[in-house]
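Right, one structure below, let's go through it.
The values are calculated or read from the model by the stated rules, or taken from the named source; none is laboratory data. Keep in mind it's a predicted model, so treat the numbers as computed, not measured. So basically every Cβ, Gly included, is an ideal-geometry build from the backbone, and we count neighbours across all protein chains shown. Only protein heavy atoms, including side chains, enter the accessible area calculation; ligands, DNA and RNA are left aside. Shrake-Rupley method; radii C 1.70, N 1.55, O 1.52, S 1.80 Å.
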Amino acid sequence: MPRPPLAVLTLSLVCGITLLFTPTSFGQTPPDQTAPVQTTPGQNAPVQAAPVQAAPVQSAPGKGTPEPQLSTRDAAAQQAATAASSFDQVIDRAVEREHFFIAQMKQLHPLVETYLQNLKQDKEIDAPVPTSDVYFLGRLDMSEGTDDRTFTSPTTAGLGKRMLSKLKNVYSMRFLPLGFAQMVILDQDFQRKYYDFTFVRREFLGEVRCVVMDVAPKKDAGKGRFLGRIWIEDQDYNIVRFNGTYYPHPRASYYLHFDSWRANLRPGVWLPSMIYSEESDLKYRLGQTLDYKAQTRLWGYNLKDLRRNSEFTEITVDAPQAVQDQSQKAQDASPIEAQRAWERQAEINVLDRLQQIGLLAPEGEIDKVLLTVVNNVMVTNNLDIQPEIHCRVLMTTPLESFTIGHTIVVSRGMIDVLPDEAALAMILTHELAHIVLGHHLDTKLAFNDRMFFPDERTFERMDFARDRSEEEAADKKAVELLNNSPYKDKLGNAGLFLKAVQTYAPELKNLIRAHLGDSLLNGNATKMSSLMTASPQFDRKKADQVAALPLGGRVKIDPWNNQLELVKTKPVAITTAAEKMPFEVTPFFPFLTRVGSAAQEKTAPGAEKTAATPSGQ
Ligand SMILES: [Zn+2]
């Protein structure tokens, strides 16, 4: 009597490996005869058709549509390279470049994340503090144009429709995401005849020398023109920063103020990377005022290159021995090996998927920093875990962490706000404990068809949250591991961080909330709460007590290829409690560089670097 279950298992395993790269190619690469996935959308493959239609984002750069020509400078730029001799010429060239920019943006579909905090004045620390927050993540699609710049308009056309569906709930009608996405554009139809330009000065933004101008719409130039200041780099005459608002606003709605930055991502090409927006005391309805600050980040401009495309490296990743054996003589995996390979398959499927849609950063230097911390805990606890543990970073802001098989994932926002290495160790060790305790990834994800869903449904289809009993077990195990680690005497600040989380949780619901994994909170209790008992009293008024850092202080995004790097900023002495700004949004002030410049070489991913672990100061 044969043993069907085993046969099924082996067969599925083989299928798993052969099909490994099928999902990566859907909607992104030209039709491939070997991949049935690529058949015309809507025929007999409803599940596969959906993403193609719902996510024009993915299909747009693929078949049929011409590639955005980003790597070559156009004629205008070449011409502009011979320095513009007069102020008039600078304006002409900047206007021309801006039209080229809009044409480019119509073909690009970066992810757009806006995190906003509503504010009120706090008398005790004499500064505005957050009272509530809003989070939005979507994909920019300007192919149909975006003419709605107002935030009070009830329409959510365009970008709004493409919101990741679960996030609809957290997004409040008070602010339209479209309103923030709009801030990547100065003016859809930027024409000299609509504006008055005034030369201000020349100024360096980072290493990039700019011509600074004030720009004001002429009378009768129409609604929603830009009013403010622009910075034009003096090589190709791209606008690299603009700061102001749209004007005049329609009746009963308002335009917000913003500071919009672009980064030089390809030779001669500057694309939107970050936008800071704030309003204080804007009266927008009878008796109601609007006080808020918001950060918008864009990334994932070049998603098609984020696919893994070498299946051989893929399969050898964790089992070089096994592959070698295979090449020598054909050999079936033993049941235990098959089970491990099966779980690893699910893990790779999920990681690939998250990376392809731009939610997971490609492997990089920060992963190594995280892994160093994990290793510190493992070595002192004599842990030898197979397959070996990896660490990865989720690109998003909300504070969360989770495991996918033997991969520990921590969000960018979490890395930003953790006060020191011991606090980072606390977060990582909790996840390590899940792995040590053998809490498994749902292996249904090892079937590749499970990955065929539209990007927008990622947060529905992927859920790595653990149940309460697994959470409690992991907390307990993690404390045990930490007490046996180099961090055991430094956990006071980690506990303090948890107290800060607990204090701010009611106001910052959308930050202290997980989308894919586990939140720092279990109901009202925090993760790893036993560490809180040994930590000092949390005091938001004490200037020298740093329990959590502001957002955006540690991790820098390359919006083109999603590579992350640690920001190297000198520690700044905090003089007042108001400057601590735990978990808060702050303005952006990036050091602009040119592609291929010395400054950029120095910070390029892969360049020689000291693996500095994050530390608060
Ligand atoms: Zn957990």
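Please verify whether K488 is open to solvent by 60 Å² or more (accessible area, probe 1.4 Å) and in contact with a strand residue (DSSP E or B) (Cβ under 7 Å, 6 or more places away or on another chain), treating the condition exactly as stated.
no
Would you check which residues across the stretch 535-564 are touching a helix residue (DSSP H, G or I) at 6+ places or on another chain (Cβ under 6 Å) and in a strand (DSSP E or B) and list them?
Selection gives V555, L564.
Collect the residues in the stretch 467-485 that are crowded, with 20+ Cβ neighbours inside 10 Å and part of a loop (DSSP other than H, G, I, E, B), keeping them in residue-number order.
Selection gives S485 alone.
What number of residues within the stretch 373-391 satisfy the criterion of being within 16 Å of the ligand (Cβ to nearest atom) and outside any loop (DSSP other than H, G, I, E, B)?
3
Only one of these is closer than 29 Å to P130 by Cα and within 16 Å of the ligand (Cβ to nearest atom): S519, S469. Name it.
Going through S519, S469 in turn, the sole match is S519.
Would a scan of the stretch 473-495 turn up a residue that is closer than 30 Å to I357 by Cα and under 26 Å from the mean Cα position of the chain (by Cα)?
No, every residue in the stretch 473-495 fails to be closer than 30 Å to I357 by Cα and under 26 Å from the mean Cα position of the chain (by Cα).
Which one is least open to solvent (accessible area, probe 1.4 Å) among residues in the stretch 522-544 that are farther than 24 Å from N483 by Cβ and more than 15 Å from the ligand (Cβ to nearest atom)?
Filtering the stretch 522-544 for residues that are farther than 24 Å from N483 by Cβ and more than 15 Å from the ligand (Cβ to nearest atom), the one least open to solvent (accessible area, probe 1.4 Å) comes out as A543.
List every residue pair whose Cβ atoms lie under 7 Å apart, where the two residues are 6 or more positions apart in sequence or sit on different chains, the first residue falls within the stretch 459-488 and is closer than 15 Å to L383 by Cβ and free of Cβ contacts under 8 Å to residues at least 60 places away in the same chain, and the second residue, located anywhere, is within 11 Å of the ligand (Cβ to nearest atom) and open to solvent by 50 Å² or more (accessible area, probe 1.4 Å).
Hits for this filter: A474/L437; K477/L437.
Just checking, which of D442, D449, D463, D455 is away from the ligand (no atom under 12 Å from the Cβ), at pLDDT below 70, within 23 Å of the chain's Cα centre (by Cα) and not hydrophobic (A, V, I, L, M, F, W, C)?
Unique residue meeting the criteria: D455.
Name the one entry in I404, I415, I435, I427 that is open to solvent by 10 Å² or more (accessible area, probe 1.4 Å) and either within 13 Å of the ligand (Cβ to nearest atom) or in contact (Cβ under 8 Å) with a residue 24 or more places away in the chain (or both).
I435
Being surrounded by fewer than 21 Cβ atoms within 10 Å (Cβ to Cβ) and out of contact with any Leu (no Cβ under 7 Å at 6 or more places or on another chain): is that true of A505 here?
no
Tell me which residues, restricted to the stretch 566-580, are within 17 Å of D420 (Cβ to Cβ) and surrounded by 14 or more Cβ atoms within 10 Å (Cβ to Cβ).
L566, V567, I574, K580
Can you tell me which of A514, A474, A494 is within 16 Å of the ligand (Cβ to nearest atom) and touching a Leu at 6+ places or on another chain (Cβ under 6 Å)?
A494
Any chance you could count how many residues in the stretch 101-117 are surrounded by fewer than 19 Cβ atoms within 10 Å (Cβ to Cβ) and either touching an Asp or Glu at 6+ places or on another chain (Cβ under 7 Å) or part of a loop (DSSP other than H, G, I, E, B) (or both)?
Residues flagged as surrounded by fewer than 19 Cβ atoms within 10 Å (Cβ to Cβ) and either touching an Asp or Glu at 6+ places or on another chain (Cβ under 7 Å) or part of a loop (DSSP other than H, G, I, E, B) (or both) within the stretch 101-117 amount to 2.
L549 - would you say it is open to solvent by less than 40 Å² (accessible area, probe 1.4 Å), under 28 Å from P362 (Cα atoms), away from the ligand (no atom under 16 Å from the Cβ) and out of contact with any strand residue (DSSP E or B) (no Cβ under 7 Å at 6 or more places or on another chain)?
So L549 fits the description; yes.
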